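Student: First the structure, which I've put down as structure tokens, then a few questions once you've had a look.
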Amino acid sequence: MVPRMDWKTAIETLVQRGMTPDTIGAEIGVGGNAIREILAGRTKAPRAEAAFKLAALCKRRRVPILEATA
């Protein structure tokens, strides 16, 4: 099974650690609304460039981004 990115959980973790959707968006070059759409489940994942930047942000903040495998 190929691991998948769990963007919603990663963003939720960043928020729990004190970041806001607006600050996350500013860090990766998208608006806070794009982050809120992922949190709400209306968007599954950010676009490619933002995804790479979000992955880098998660790495810097030591937030896992892969789904847990059973």
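Student: Working carefully through the options ARG4, ARG61, find the one that is open to solvent by 60 Å² or more (accessible area, probe 1.4 Å) and free of Cβ contacts under 8 Å to residues at least 60 places away in the same chain.
Tutor: Testing whether each residue is open to solvent by 60 Å² or more (accessible area, probe 1.4 Å) and free of Cβ contacts under 8 Å to residues at least 60 places away in the same chain leaves just ARG61.
Student: Right, next: Report yes if ALA34 is in a helix (DSSP H, G or I), aliphatic (A, V, I, L, M) and either surrounded by fewer than 15 Cβ atoms within 10 Å (Cβ to Cβ) or at pLDDT below 95 (or both), otherwise no.
Tutor: Spelling it out, it is not the case that ALA34 is in a helix (DSSP H, G or I), aliphatic (A, V, I, L, M) and either surrounded by fewer than 15 Cβ atoms within 10 Å (Cβ to Cβ) or at pLDDT below 95 (or both).
Student: If you don't mind, another one. Whether any residue in the stretch 10-28 is in contact with a Gly (Cβ under 6 Å, 6 or more places away or on another chain), assigned to a helix (DSSP H, G or I) and either at positive phi or open to solvent by 50 Å² or more (accessible area, probe 1.4 Å) (or both) is what I want to check.
Tutor: Among the residues of the stretch 10-28, at least one is in contact with a Gly (Cβ under 6 Å, 6 or more places away or on another chain), assigned to a helix (DSSP H, G or I) and either at positive phi or open to solvent by 50 Å² or more (accessible area, probe 1.4 Å) (or both), which makes the answer yes.
The values are calculated or read from the model by the stated rules, or taken from the named source; none is laboratory data. Keep in mind that what you see is a predicted model, and the values were worked out from it rather than measured. Ideal geometry is used to build each Cβ from the backbone, glycine not excepted, and the neighbour counts take in all protein chains shown. SASA here: full protein model, heavy atoms, side chains in, ligands and nucleic acids out. Shrake-Rupley method; radii C 1.70, N 1.55, O 1.52, S 1.80 Å.
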